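Beneath this line is the structure, given in structure tokens, with notes to follow.
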């Protein structure tokens, strides 16, 4: 079927679908069926262009220009030492490692070591695990979003994290997606996938790292789905440090049951063209959701954060804080939609997006969007785009601090509003050292 | 220590300082007074290196060096300290962290060993106590959410930690109630020494009851029109500024 379509419509989307085609590997029928539908959907939709409202400020030219080569992807990482060299790869906690989309048993922790937690590759669990069947593809928007559809049709493997009811997982669980490019094996496509199912009153922290290694270009198309059960707490971090010639598009779908708490933190440090989409829905009353984001963008890179919070039930609170630092001729887009449904009374929602421009050539498009259909709600939003405060720089200088150090100190403090909310100490430390390495180049 | 010769300064094409001459020796306290718009704050800003001013003539010598040729941070490291009229709020930068970075930058410059976090905290706590400053202000972001009095006290606190050789106080007393004024003055007086000098810019004679100056200079329309000892301040308190212009043979009153 794929080949027939390729002959008729030779656009980038078709090419992507054709090249990333995976083998069935004895998957259950329901999954094959789902993949088939997703592939059809992807081929019908094709890649979005800027005429689509949600993509108005992000051009996919860089992706469309990639001349994808068939799957000569390297998956041998050459040992654990090389992994340890990557920033954010070692955070002193159990980890699942995927190299170019393939699960690596050698680099991953022993999956059986955590009580009450099912940890492993989605592909292997698809048949036996009820949660995979119940939730896979349910939260992502594959019917609307071509990239979600592409991932569902093509993902090779992914991480399943299932926490049983009442279990509090002590250490964070780290899912590492290493994209290894040797300059000759590309451009290639990977479709990383994560499914988190947190049972009633459970508690878990999850770090998802997307890390590039080597040189060359590739396209990483990631999808994460999180089910936060009744009264459960999920703290999710996505750290993205892809190679600068890479395109990274991600989508996170979340559903929160009654009285649940979810915090997502999206940290964008790499990639040439980046889009992070979040669709988070309150499906029960009494939920709390915190969406934090930090993006550091330089050179001519482009980062787009698109979030949608669906307040579908009453008595839920959401707090969203995204902060961006832009240097050189970087571009960033922020779209924050908050939709409060008719019955969602007593909604309390607050959104802020602050941007710091370090160069005259940097550009930000920021747009909060509130849609409110209930009449007893509290919703506020605010966006700022500014430069460093010259008075503050001068003040620090008069105390003996050099202008460069003063600027670093102020930018660091600006980022700190997000970094200080990171609840995993090792991750915060890694972020700090990355920031302190990145910042001086930009002042 | 500080010698200002024939200093002319313009901002946005308008001449603000029109030939200032001032010599400050170690151990001396000089007070600069004058009506609004006379150029007092401009003088303080120019000495600390603020951008936005054009030096059209004159020179400033500080301990044998050309002060005007130095960056603000170099001036600070050489021992110049400006207490701001309007201290800047710096969100997200912790007061203690900032001040330790500042002190260590100055100590490095002097070839002294840097203080570690514990040593610094001990120093900061003792100085804060001296200024009756709430210890909680130490861990808050610099000046953020501080009251007017707390901000001014924080300036003097910083000065007591950084121990400059020349302290320039730009209307530090403005807006302070009498209790806060006394505390701030005690902080300054505790720093007075034969090696250290102060230039105190003020609008009100009241401050000089607590920090007794050796010299008082009256600045008017960009020039020092009269200098004297502390009795000049008392005379200004009694008679205002207009008599100085009358004395100089000018009829128009001062706004």
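Points worth noting:
- Within the range B:7-51, if we keep just the residues that are in contact with a strand residue (DSSP E or B) (Cβ under 6 Å, 6 or more places away or on another chain) and in a loop (DSSP other than H, G, I, E, B), the residue that is farthest from residue B:172 (Cα to Cα) turns out to be B:26.
- Number of residues in the range A:127-141 that are outside any helix (DSSP H, G or I) and under 20 Å from residue A:228 (Cα atoms): the value is 7.
- Restricting the range B:87-103 to residues that are farther than 15 Å from residue A:397 by Cβ and within 9 Å of another protein chain (Cβ to nearest Cβ), the residue that is nearest to the chain's Cα centre (by Cα): B:89
- Options B:196, B:206: the member that is within 16 Å of residue B:32 (Cα to Cα) and either surrounded by 17 or more Cβ atoms within 10 Å (Cβ to Cβ) or modelled with pLDDT under 90 (or both): B:206
- Test: residue in the range B:111-122 that is part of a helix (DSSP H, G or I), more than 12 Å from chain A (Cβ to nearest Cβ), buried (at least 17 other Cβ atoms within 10 Å of the Cβ) and under 23 Å from the mean Cα position of the chain (by Cα): no
- Residues in the range A:209-225 that are within 15 Å of the chain's Cα centre (by Cα) and either surrounded by fewer than 24 Cβ atoms within 10 Å (Cβ to Cβ) or part of a loop (DSSP other than H, G, I, E, B) (or both): A:211, A:225.
- Check on residue A:263, under 18 Å from the mean Cα position of the chain (by Cα), in a strand (DSSP E or B) and over 22 Å from residue A:172 (Cβ atoms): no
- Residue B:144 vs. criteria within 14 Å of chain A (Cβ to nearest Cβ) and part of a loop (DSSP other than H, G, I, E, B): yes
- Candidate set from the range A:88-106 (those that are assigned to a loop (DSSP other than H, G, I, E, B) and out of contact with any helix residue (DSSP H, G or I) (no Cβ under 6 Å at 6 or more places or on another chain)); member that is nearest to residue A:433 (Cα to Cα): A:93
- The range B:57-85: number of residues that are within 19 Å of residue A:401 (Cβ to Cβ) and surrounded by fewer than 17 Cβ atoms within 10 Å (Cβ to Cβ): 1
- Residues in the range B:63-83 that are more than 7 Å from every other protein chain (Cβ to nearest Cβ), under 23 Å from residue B:171 (Cβ atoms) and in contact (Cβ under 8 Å) with a residue 60 or more places away in the chain: B:67, B:79, B:80, B:81, B:83.
- Taking the range B:125-136 as the range and being under 15 Å from residue B:96 (Cα atoms) and either surrounded by fewer than 18 Cβ atoms within 10 Å (Cβ to Cβ) or within 14 Å of chain A (Cβ to nearest Cβ) (or both) as the test, the residues that pass are B:125, B:126, B:129, B:134, B:135, B:136.
- Residue count for the range B:158-194, restricted to those that are within 12 Å of chain A (Cβ to nearest Cβ) and without any contact (Cβ under 8 Å) to a residue 60 or more places away in the chain: 1.
- Residues satisfying the stated conditions in the range A:303-350, i.e. touching a strand residue (DSSP E or B) at 6+ places or on another chain (Cβ under 6 Å) and outside any strand (DSSP E or B): A:312, A:313, A:316, A:330, A:344, A:347
- Only one of the numbered conditions (1) touching a strand residue (DSSP E or B) at 6+ places or on another chain (Cβ under 7 Å); (2) within 8 Å of another protein chain (Cβ to nearest Cβ); (3) closer than 19 Å to residue A:409 by Cα is violated by residue B:139, and that is (2).
- Qualifying positions in the range B:188-214 - closer than 16 Å to residue B:44 by Cβ and not in a loop (DSSP other than H, G, I, E, B): B:188, B:197, B:198, B:199, B:200, B:201, B:207
- Residue in the range A:357-375 that is in a strand (DSSP E or B), at pLDDT 95 or above and under 30 Å from residue B:85 (Cβ atoms) present: yes
The values are calculated or read from the model by the stated rules, or taken from the named source; none is laboratory data. This is a predicted model, so every value here is computed, not measured. No Cβ is skipped: glycine too gets one built from the backbone with ideal geometry, and neighbour counts run over all protein chains shown.
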